[in-house]
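Every number in this text was worked out from the coordinates using simple rules, so none of it is lab data. These figures come from a predicted structure and were not determined experimentally. Note that each Cβ is placed from the backbone with ideal geometry, even for glycine, and that neighbours are counted across all protein chains shown.
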Amino acid sequence: MLAIEVKNLSYTYSRKTPYEKRALDNVCFAVEEGEFVGLIGCTGSGKSTLIQHLNGLVKLQEGEVTVKGLKASDKNSLRQLRFTVGMVFQYPEYQLFEDTVAKDIAFGPKNMKLDKAEIDRRVRRAMEVVGLPYDEFASRSPFELSGGEKRRAAIAGVIAMEPSVLVLDEPVAGLDPAGRKEILDLIVRLKEQVSPTVVMVSHYMDDIAALATRIIALRDGKVVADGSPKDVFGDREKAREAGIDLPFAARIADRLAERGIALDKRIITPVELADALAAYRDGKGAETDGASDAKDGADDGSATEGGSGV
């Protein structure tokens, strides 16, 4: 079943002015329910404009966007669309505003016109999922929380609406390594427990390699790559042409190849790299496909610090 369908989507800022800029140019793709899509591209490639179309924050100019059967072009569907697509912006903690954590998380469910009992259930569940125990945090001011706690509280406010599609814009921006791992682990839980379909914008290729089941890369408003992480990162020539940087493990594999140690070009995670090197040491040489494929899901959430941007 399709969760997202984008057809011939184009968008131009400041149309018919000297500052006119084509942000999206005939973008087409479809996302199956349950996919984890990593959306990548350099600054100005159109990523933010694209994701803001998914819940109607940006008004359609050309093309079609449909999410869970709701069309962004239908004004009568926009309200439901914004509850169906949970949008977590970069630095979401800046959007906290209520005097207690529970009230802040309840803001979205209240706008859904739910009854008090359902609002309370959703607030408690959201706080549990993000690791903020209700009895400890509900009555606290969000402005007294640590940086990581604030971000989790802000994310809880989104998932309390129980969106079936979750869109995350640079969710680990500005966090230290421990904070990054905490949020990445949380994203895995959110996919399992709340929103089965996830679209994540990130400049950290190691995070994309570890979590995404599919990559869509944008450049100058166009889709320049679309496929599994192994296919997109493994095709070095196409990745270079698309301006896609590589995960740390893939870059190390290339450096080793320059020194005569040929490894599988589809290696994209540290675990796969370690297994390939162990196999090479044991005399199996480049015959690492089996070991590499066996670890596809084992490295989920284990992205290393220092992933390069695109």
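Here are a few things to note about the model shown:
- Computed from backbone phi with θ = phi - 60° and the Karplus coefficients 6.51, -1.76 and 1.60, the 3J(HN,Hα) list for the stretch 212-222 is 6, 8, 8, 10, 10, 10, 10, 8, 6, x, 10 Hz; x is used for glycine and proline.
- Taking each residue as 0.36 nm, the span from E33 to Q95 lengthens on full extension beyond its C-alpha to C-alpha distance by 19.5 nm.
- The spacing between the stretch 160-236 and the stretch 26-57, judged by their C-alpha centroids, is 11 Å.
- The chain: angle of helix 147-159 to the longest principal axis, Cα-based, in degrees nearest 10: 70
- Derived scalar couplings ³J(HN,Hα) [the stretch 61-72; Karplus, 6.51 cos²θ - 1.76 cosθ + 1.60; whole Hz; x for Gly, Pro]: 10, 9, x, 9, 9, 10, 10, 6, x, 9, 8, 5
- Taking the chain as a Gaussian network of alpha-carbon nodes connected by springs under 10 Å, the highest mean-square fluctuation of the residues T197, T49, T12 belongs to T12.
- Largest GNM mean-square fluctuation among I183, I208, I252, using the chain with Cα springs under 10 Å: I252.
- Dipole orientation for the stretch 78-203: of the candidates T197, F97, L132, T197 has the Cα lying most toward the positive pole (charges on Cβ; Lys, Arg +1; Asp, Glu -1).
- Fewest-first sequence of Y11, Y204, Y94 by Cβ atoms within 10 Å of each Cβ: Y94, Y11, Y204
- Working from Cα pairs under 8 Å separated by at least six residues, relative contact order for the stretch 2-238 is 26 percent.
- Residue of D235, D115, D99 that the Gaussian network model of the chain assigns the largest fluctuation, springs spanning Cα pairs under 10 Å: D115
- Model label sites at D120 and D254, defined 7 Å from Cα along the beta-carbon direction, differ in position by 5.7 nm.
- Y19-K75 FRET efficiency (beta carbon distance; Förster radius 30 Å; 0.05 resolution): 0.60
- Sorted by Cβ neighbour density within 10 Å, fewest at the top, the residues S146, S77: S146, S77
- Listing T213, T269 from fewest to most neighbouring C-beta atoms within 10 Å gives T213, T269.
- If you plug the beta carbon distance of S141 and A262 into 1/(1 + (r/R0)^6) with R0 = 51 Å, you get a FRET efficiency near 0.35.
- 222 nm mean residue ellipticity, helices alone, for the chain (DSSP H n ≥ 4; -39,500 (n - 2.57); rounded to 500): -11500 deg cm²/dmol
- Computed from point charges on the beta carbon alone (+1 for Lys and Arg, -1 for Asp and Glu), the dipole magnitude for the stretch 2-238 about its Cα centre is near 720 Debye.
- Given [x] 17.8; [y] 16.1; [z] 22.8, the label whose value is mean projected area of the Cα convex hull in nm² derived from this model: [x]
- Extension gain from A274 to A173, taking 0.36 nm per residue of separation minus the Cα-Cα distance: 33.6 nm
- Long-range HN-HN contacts of R219 with modeled amide H, under 5 Å: V224
- Between K110 and E5, the C-beta separation translates, for a Förster distance of 25 Å, into a calculated FRET efficiency of about 0.25.
- ³J(HN,Hα), Karplus 6.51/-1.76/1.60, whole Hz, each residue of the stretch 76-91, x for Gly, Pro: 6, 9, 4, 4, 5, 4, 6, 8, 6, 9, x, 10, 10, 7, 4, 6
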